[in-house]
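Q: I'd like to ask some things about the structure below.
Every read-out reported here was derived from the displayed coordinates using simple, explicitly stated rules and does not represent laboratory data. Remember, predicted model here, so these are calculated numbers, not experimental data. No Cβ is skipped: glycine too gets one built from the backbone with ideal geometry, and neighbour counts run over all protein chains shown.
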Amino acid sequence: MPTDVLMPQMGESITEGTIVRWIKKIGEPIDRDEPLFEISTDKVDAEIPSPAAGVLAQIRVEVGQTVPVNSVVAVIGSRGEKVALAPAVPVSRTQQDVIPPASTSGPPSAGTPGAPTRRHLSPVVRRLAVEHGVDMSKVVGTGVGGRITKADVRAYVEQRAPSTRDAAGWMKTAAIADPETRVEPMSVMRRRIAEHMMTSRRTSAHVHTVFEVDFSDIAELRAARSASGTTPGYLSYIAKAVADALGTMPIINASVDGDDIVFHEQVNLGVAVALDWGLIVPVIKRANGLSIDKIDAAIIDLASRARSKQLSPDDVEGGTFTITNPGGFGSLFGLPIINQPQSAILCVGAIEKRPVVVDDTIVVRLRAFLTLGFDHRLIDGAAADRFLARVRDILESFSRETGARGQAPVAS
């Protein structure tokens, strides 16, 4: 019997997924749990394994198409088996959020063309509509069963702003006319990053403060530990210092919800991972209760699974603070955008030898700039500076015997 391959639900809030790549072609054999296709959702990009062994008999959803969870995207059959063609499984009401359209000046008459009706929208589409103030009753859906997609909302917004549309259209036409210019659509991840960054810019009052930190003592500590074969990276020491400092200053670990301040009891530390195809921020849960070695192991594990597309939605949810490390590429410091709905983000610059004055003598020390980006709606400059000073003091007072805040930096 043929086996239907379904679009998986990669998390409770995920209602749809986009096919990014088919790893197997029609007619190719496949084993159970062997990677079959790759999807992109609002949370993660992931390779999806085959639910059965056999031959890929049908592909029902092409690359670039977005379909609801539990839709049939492919069929696995036995060798030589003929599989009848069938349409993808339609979305059910339980797989969608139902919200009313924007209010109108008066009740529409029954049967009036364009009259508002209840629409079935995914959380992403609904959020995009709210951001741009779109009356969803005026948007034509091009998705499965007439569902409204993100592309439909973006197209409506562009049509509503002719000057933007004309400028974009002119630029695209000019680019195509130039034989030395290549034009290609954004990937699903890149569009998601773009939307998230623009939302953050519109939401938070971004302010930044920069401290210089001496890593010479940590360098000596790492050299002493190298003989044992376990040497946590500099980023792990920074993450440990940040987790400990957040425990003493809960306002930096808080977030804004309307007119309320939400204080998070746990420090869930997001660590940005650069990918060849974008950026993702997996989360170290309860980092304030972990040793340096466990934090180091978590960073290595999450980064490895991010690059092999093996993260689950739970791996990227629930972050309360983010660390980004462009210093690994040589950047001295940066002014990062806050990862919503968090209220602060730390940027780590390149850790390198620099001449500094110590007791009126010029010496060479291992130093780096740490930049804290914070939301001034919630965090005042004095609080931000006290927090970053606390992180600096922890980093500059590490020792082989005591570690950070009296916790030995050994595996536990």
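Q: Express as a percent, rounded to the nearest 5, the fraction of DSSP beta bridges in segment 264-383 (both residues included) that run antiparallel.
A: Looking only at bridges with both residues in segment 264-383, the antiparallel portion is about 75 percent.
Q: Which whole-Hz couplings ³J(HN,Hα) result when phi for each residue of segment 273-284 is put into the Karplus expression 6.51 cos²θ - 1.76 cosθ + 1.60, θ = phi - 60°, listed in order with x for Gly and Pro?
A: Residue by residue, segment 273-284 yields 10, 7, 10, 5, 10, x, 8, 9, 10, x, 10, 8 Hz.
Q: Okay, moving on. From the Cα gyration tensor of segment 261-312, with a ≥ b ≥ c the square roots of its eigenvalues, which class applies: rounded if a/c is under 1.5, or else prolate if a/b is larger than b/c, or else oblate?
A: In terms of gyration-tensor shape, oblate.
Q: Using Cα pairs closer than 8 Å and at least 6 residues apart in sequence, work out the relative contact order for segment 3-86, in percent.
A: Taking the mean separation of contacting Cα pairs over the length of segment 3-86, I get 36 percent.
Q: Starting from one equal scatterer on each C-alpha and no solvent at all, send me the Debye-based log10 I(q)/I(0) for segment 260-352 at q = 0.19, 0.24, 0.25 Å⁻¹, two decimals.
A: Debye output, listed in q order: -0.96, -1.39, -1.45.
Q: Also, quick follow-up: What distance in nm lies between label points placed 7 Å from Cα along the C-beta direction at His208 and His132?
A: Simple spin-label model gives 2.9 nm for this pair.
Q: Based on the mean of other beta carbon atoms within 10 Å per residue, what is the order of 321-327, 151-157, 131-137, most packed first?
A: So the peptides 321-327, 151-157, 131-137, ranked by packing, come out 321-327, 151-157, 131-137.
Q: Take the Cβ-Cβ distance between Ala227 and Ile300 as r, set R0 to 25 Å, and report the resulting FRET efficiency rounded to the nearest 0.05.
A: Rounded to the nearest 0.05, the efficiency is 0.80.
Q: Follow-up question, since we're still on this one. Can you give the relative contact order of segment 269-328 as a percent, counting alpha carbon pairs under 8 Å and 6+ residues apart?
A: 47 percent
Q: Amide H of Arg60: which non-local residues (sequence gap of 5 or more, or other chain) have their own amide H closer than 5 Å, using H built in the peptide plane?
A: Amide H to amide H, under 5 Å and 5 or more residues apart or across chains, Arg60 pairs with Ala74, Val75.
Q: Which of the listed residues, Gln58, Gly17, Val44, is farthest toward the dipole's positive end in segment 3-86, when Lys, Arg count +1 and Asp, Glu count -1 at the beta-carbon?
A: Going by the charge dipole, the pick is Gln58.
Q: Just check segment 231-287 against the gyration tensor rule for me: Cα atoms, a ≥ b ≥ c as the square roots of the eigenvalues, rounded for a/c under 1.5, and otherwise prolate or oblate depending on whether a/b exceeds b/c.
A: Oblate shape, in that a/c is at least 1.5 and b/c is the bigger or equal ratio.
Q: Run the dipole for segment 205-396 about the Cα centre, Lys and Arg Cβ at +1, Asp and Glu Cβ at -1, nothing else charged, and hand back the magnitude in debye, nearest 20.
A: 540 debye
Q: Apply the Karplus curve 6.51 cos²θ - 1.76 cosθ + 1.60, θ = phi - 60°, to the phi angles in segment 187-196 and return the couplings in whole Hz, x for Gly and Pro.
A: Values per residue, Gly and Pro as x: 6, 4, 5, 5, 5, 5, 4, 4, 5, 5 Hz.
Q: With label points built 7 Å along Cα→Cβ from the Cα atoms of Met197 and Glu158, find their separation and express it in nm.
A: 1.9 nm
Q: Set the Förster distance to 45 Å, then compute FRET efficiency between Ser312 and Val357 from the Cβ-Cβ distance, nearest 0.05.
A: Approximately 0.35, to the nearest 0.05.
Q: List, in order, the whole-Hz ³J(HN,Hα) value for each residue of segment 128-136 obtained from phi through the Karplus relation with A = 6.51, B = -1.76, C = 1.60 and θ = phi - 60°; use x for Gly and Pro.
A: 3J(HN,Hα) across segment 128-136, in whole Hz: 5, 5, 5, 4, 9, x, 8, 7, 5.
Q: If you don't mind, there's one more thing I want to ask. Past 28 Å, Cα to Cα, is the threshold; run Lys150/Lys309; Lys285/Lys353; Lys25/Lys138; Lys150/Lys240; Lys43/Lys353 against it and keep the listed order.
A: As for pairs spanning more than 28 Å Cα to Cα, those are Lys285/Lys353; Lys25/Lys138; Lys150/Lys240; Lys43/Lys353.
Q: Further, regarding this structure: Calculate, in nm to one decimal, what Ser216 and Asp31 gain on full extension: separation in residues at 0.36 nm each, minus their alpha carbon distance.
A: 61.4 nm
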